[in-house]
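Inspection log for the structure reproduced underneath, given as structure tokens.
Derivation of every value follows stated rules applied to the coordinates shown; laboratory data play no part. Bear in mind the structure is a predicted one, so any value in this text is a computation, not a measurement. Here the Cβ positions follow ideal geometry from the backbone for every residue, glycine too, while neighbour counts run over all protein chains shown.
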Amino acid sequence: ESEISTNGTSSFFSHLQTFLFYFLSKSLLGADPALDPAVANSGPLTINLWLGLQLLPTVPILAFQPLVEIFLHSYTYPSALVSGGYQKLYSFIERHGKEVVQRGEQEFGLSASDSINNLIFTLGFNAFGGFSLFLPTLIGTIASDKTGLQARLRDEVKQVCGSSSSGLSFDSLKDMELVNSVVYETLRMNPPVQLQYARARKDFQLASHDSAFDIKKGELLCGYQPLAMRDSNVFDEPESFKPDRFVGKGKELLSYLFWSNGPQTGSPTESNKQCAAKDFVTMSASLIVARIFQRYDSISGDSGKITAVEKAN
């Protein structure tokens with residue numbers, strides 16, 4: 001708010017990542033970054049550098065070819081480049097996330113070291129990285145809307161839980177059909193992970209609406225989310241953002257929402273490789289949207305910045 005007042009705009013990405021680091025550390029690790037000032041100040045940057053080192057060999061860069069392919073896409077980068085920051089995260093979880101680490105040991109038979117390394121991957125790659133891609137799109141979609149969607153979201157949130165944060169919970173989200181539908185529709189239009197790959201475990205026939213393909217065991221398959229979730233045989237006006245698409249009877253379409261590498265109505269298992277946190281993602285995103293409209297009557301901006309806010313009465 002102070003940045004908007006002073007500059008007329010606020011780039012919210014760095015603020016969002018700081019919030020995500022605190023929120024995810026507390027909810028996934030049971031560890032409060034405020035207890036470790038060094039990690040609190042450097043956590044988001046540390047994770048961004050760690051993610052960047054892993055993703056750089058795969059990021060498409062069209063300029064300066066073939067130099068990019070030769071010098072950036074042909075090597076495994078040394079972990080020493082980010083090992084210092086990684087060790088700080090490791091020590092932070094070791095000291096302040098003991099209860100979750102112990103669950104890894106007692107319930108899953110992992111060593112303490114394996115538990116911590118898995119938690120860092122879950123925190124950094126799956127959660128922090130995924131939300132950093134998805135939430136700016138969600139916020140930008142809402143902030144740039146000119147159809148009256150914000151007023152409808154605000155009315156639904158206040159009707160269900162009022163303006164006090166104490167009335168907002170994961171439980172109360174069940175009664176916010178429009179809020180949930182907006183989150184689902186944003187995931188349909190802009191899935192944070194667009195490609196999934198897998199090898200066929202057996203021979204089978206893959207059928208579409210009008211064709212069938214024989215797949216042989218061992219063949220590599222690629223699923224392209226935007227294509228699957230913009231199927232005109234399933235979704236009315238698939239290229240249009242419809243905030244009410246998953247309201248009421250529209251919930252039946254959730255079985256065709258595949259952003260999590262499986263239907264939204266499905267359950268993750270070891271064998272299907274569906275996103276284990278798919279419900280955590282949608283509920284957390286809905287919680288954030290609801291909290292925004294408890295605090296503000298309206299917001300203006302796009303996926304990179306907020307240009308105006310009107311505080312709730």
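I'd like the distance between the alpha-carbon centres of segment 176-193 and segment 265-313, rounded to an integer number of Å.
Rounded to whole Å, the Cα centres lie 8 Å apart.
Using r as the Cβ-Cβ distance of Lys249 and Asn41, and R0 as 35 Å, what FRET efficiency do you calculate, to the nearest 0.05?
0.10
What full-extension length gain, to one decimal in nm, is calculated for Phe213 and Ser2 as 0.36 nm per residue of separation minus the Cα-Cα distance?
Answer, rounded to one decimal: 70.2 nm.
Charges only on Cβ, +1 for Lys and Arg, -1 for Asp and Glu: so what's the dipole of the chain about the Cα centre, in debye to the nearest 20?
Numbers: 27 positive and 32 negative charges, 44 e Å.
Approximately 220 debye in magnitude.
If you take the square roots of the eigenvalues of the alpha-carbon gyration tensor of the chain and sort them as a ≥ b ≥ c, do you get rounded (a/c under 1.5), prolate (a/b over b/c) or oblate?
Judged from the Cα gyration tensor, the chain comes out rounded (a/c under 1.5).
Could you list, in their original order, any pairs among Lys146/Lys174; Lys242/Lys311; Lys88/Lys311; Lys98/Lys251 whose Cα atoms are separated by more than 32 Å?
Pairs exceeding 32 Å: Lys88/Lys311; Lys98/Lys251.
Could you tell me which trypsin sites (Lys or Arg not before Pro) in segment 193-276 are loop residues by DSSP with no more than 11 other beta carbons within 10 angstrom of their beta carbon?
Passing both the DSSP loop test and the Cβ count: Arg201, Lys202, Lys216, Lys217.
Below 8 Å, C-alpha to C-alpha, sequence gap of six or more: please give me the relative contact order for segment 147-313 in percent.
Once divided by the residue count of segment 147-313, the mean separation gives 26 percent.
For segment 245-255, what does the Karplus curve 6.51 cos²θ - 1.76 cosθ + 1.60, with θ = phi - 60°, yield as ³J(HN,Hα) per residue in whole Hz, taken in order and with x for Gly and Pro?
Once θ is set to phi - 60°, the couplings for segment 245-255 become 4, 9, 8, x, 5, x, 4, 4, 6, 4, 6 Hz.
If each residue of separation counts as 0.36 nm, what is the full-extension length gain between Thr122 and Glu237 once their alpha-carbon separation is subtracted? Write out the running numbers ahead of the final one.
Numbers: separation 115, 0.36 × 115 = 41.40 nm, distance 3.55 nm.
Separation in residues times 0.36 nm, less the Cα-Cα distance, equals 37.9 nm.
Under a plain spin-label model, where a point goes 7 Å from the Cα along Cα-to-Cβ, how far apart in nm are Ala276 and Ser83?
About 2.7 nm separates the two model spin labels.
Given contacts defined as C-alpha pairs under 8 Å and at least six residues apart, what's the relative contact order of the chain, whole-number percent?
21
Cα gyration tensor of segment 87-233, axes a ≥ b ≥ c as square roots of the eigenvalues: rounded (a/c below 1.5), prolate (a/b > b/c) or oblate?
It is oblate, given that a/c is not under 1.5 and a/b is not larger than b/c.
Going by how many other beta carbons lie within 10 Å of each one, how would you line up Ile292, Ile61, fewest first?
Starting with the residue having the fewest Cβ neighbours, the order is Ile61, Ile292.
At 222 nm, what helix-only mean residue ellipticity would the chain give, in deg cm²/dmol to the nearest 500, using -39500 (n - 2.57) for each DSSP H run of four or more?
Estimated from H runs of four or more residues: -13500 deg cm²/dmol.
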